[in-house]
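Data first, discussion second: the structure below is written as structure tokens.
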Amino acid sequence: MRVVIAEDSVLLREGLRRLLTDAGCEVVATVGDGPGLVDAVTTHQPDVSVVDVRMPPSHRDEGLRAAIKARSEVPGSPVLVLSQYVEKQYAAELLADGAGAVGYLLKDRVADVREFVDAVRRVAAGGTVMDPEVVAQLLVRNRRNDPMSALT
């Protein structure tokens, strides 16, 4: 399985590379920003990309936006988002393209390396992997603007 890793933290990026290499994966590129991710995906066409949400320069949502762009340039390119944050707008867009082969895990909730590697493999095989907390945040309504709240 060929993997691209997009993570701005050098220690985490190299740790993921080592972990996935030890699990038998071939890491074809490691990058630290969104444009690097798009270039790596278009150049290497990996079996899966593991992507952080917040990357330079603003550390807001560049990684997730780059993953969406990479999937538009290489349709259906598998992406596993690995982040500390749930970015609802872009996460929903990533999931809504209907191509499958997506995942969204929260770094702090990954408790077992084998389960993480299994999630990477499932996404690479076309599956969907979602942290329950991500699902909950994507499905919760904005209560202040919910027109249904006025009904009895």
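Please report the relative contact order for region 40-120, taking Cα pairs under 8 Å with a sequence separation of at least 6, and give it as a percent rounded to a whole number. Normalised by residue count, the contact order of region 40-120 is 28 percent. Put +1 on the Cβ of every Lys and Arg and -1 on every Asp and Glu Cβ in region 9-63; which of G24, G36, V10 then has its Cα farthest towards the positive end of the dipole? Farthest towards the positive end: V10. The share of accessible area on region 2-140 that comes from carbon and sulfur is 49 percent, using a 1.4 angstrom probe.
Only the Cβ atoms of Lys and Arg (+1) and of Asp and Glu (-1) were treated as charged; on that basis the dipole of the chain about its Cα centre amounts to roughly 300 debye. Close amide H partners of R60, meaning residues 5 or more places away or on another chain with modelled amide H under 5 Å apart, are M55.
Other residues lying with their Cβ under 11 Å from the Cβ of L106 contribute a combined charge of -1, Lys and Arg counting +1, Asp and Glu -1.
Treating the angle as unsigned and between 0 and 90°, give the value, to the nearest 10°, between the Cα long axis of helix 62-73 and the longest Cα principal axis of the chain. The helix 62-73 is inclined about 80 degrees to the chain. For the chain, the longest principal axis of the C-alpha atoms and the axis of helix 34-44 are separated by about 50°. Electrostatic tally near V74: other residues with Cβ closer than 14 Å to its Cβ, Lys and Arg +1, Asp and Glu -1, net -1.
Per residue, the accessible area of the chain comes to 53 Å², computed with a 1.4 Å probe over protein heavy atoms only. Say the dipole of the chain comes from +1 at the beta carbon of Lys and Arg and -1 at that of Asp and Glu; which of V113, Q84, P57 then lies farthest toward its positive end? Checked the options; the winner is Q84.
Classification of region 2-140 by its C-alpha gyration tensor yields a rounded form. The axis ratio a/c (a ≥ b ≥ c) stays under 1.5.
The values are calculated or read from the model by the stated rules, or taken from the named source; none is laboratory data. None of these values were measured; they are calculated from a predicted model. Virtual Cβ from ideal backbone geometry, glycine too; neighbours counted across all protein chains shown. Heavy atoms of the whole protein, side chains included, go into the accessibility calculation; ligands, DNA and RNA do not. Shrake-Rupley method; radii C 1.70, N 1.55, O 1.52, S 1.80 Å.
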